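K.L.:
The structure that follows is given in the form of structure tokens.
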Amino acid sequence: MGGGGVVSSPDRNDTPVLITEAAPSYEEQHAARRRKYAIMMSLRFPCLILAALFANTWWLALFFIVLSVPLPWMAVLIANDRPPRKAEKANRYEVERRAIAPKSTTIIDG
């Protein structure tokens with residue numbers, strides 16, 4: 001009989017378990033930033049359409065135009081931003097300091 005076979009059972013889950021606190025890969029971070037950029041830039045066009053639809057109500061049209069102006073700037077800032085680095089505490093060896101016990105000396109007054 002050959003050895004080294006793979007044991008499989010129907011109730012076994014082959015999903016990998018995350019055992020570290022490693023940061024997401026560069027590709028995952030880049031994909032998330034691109035997704036955020038695309039969502040924010042896609043919100044600009046509907047704002048301009050709504051501004052045109054509400055042209056008779058000047059304050060509402062102005063609101064949608066003002067809302068659409070900073071969207072490209074914010075989208076670029078968010079797309080270029082990366083997640084903050086985690087503050088890590090350095091694991092350093094600390095020497096336990098002990099006080100030297102005073103010697104008991106006998107003083108003779110005479």
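K.L.:
If you check Ala51 against the conditions, is it loosely packed, with under 13 Cβ neighbours inside 10 Å and either over 17 Å from Ala79 (Cβ atoms) or at pLDDT 70 or above (or both)? Steps first, please.
P.N.:
On the way: loosely packed, with under 13 Cβ neighbours inside 10 Å: no; either over 17 Å from Ala79 (Cβ atoms) or at pLDDT 70 or above (or both): yes.
It is false that Ala51 is loosely packed, with under 13 Cβ neighbours inside 10 Å and either over 17 Å from Ala79 (Cβ atoms) or at pLDDT 70 or above (or both).
K.L.:
Under 8 Å by Cβ, and 6 or more places apart or on different chains, what pairs join a residue from segment 16-34 that is at pLDDT 85 or above with one that is assigned to a helix (DSSP H, G or I)?
P.N.:
Arg33/Ile78; Arg33/Ala79; Arg33/Asn80; Arg34/Ala79
The values are calculated or read from the model by the stated rules, or taken from the named source; none is laboratory data. Owing to the predicted nature of the structure, the values given are computational and were not obtained by experimental measurement. Using ideal geometry, Cβ is built from the backbone for each residue, glycine included, and neighbour counts are taken over all protein chains shown.
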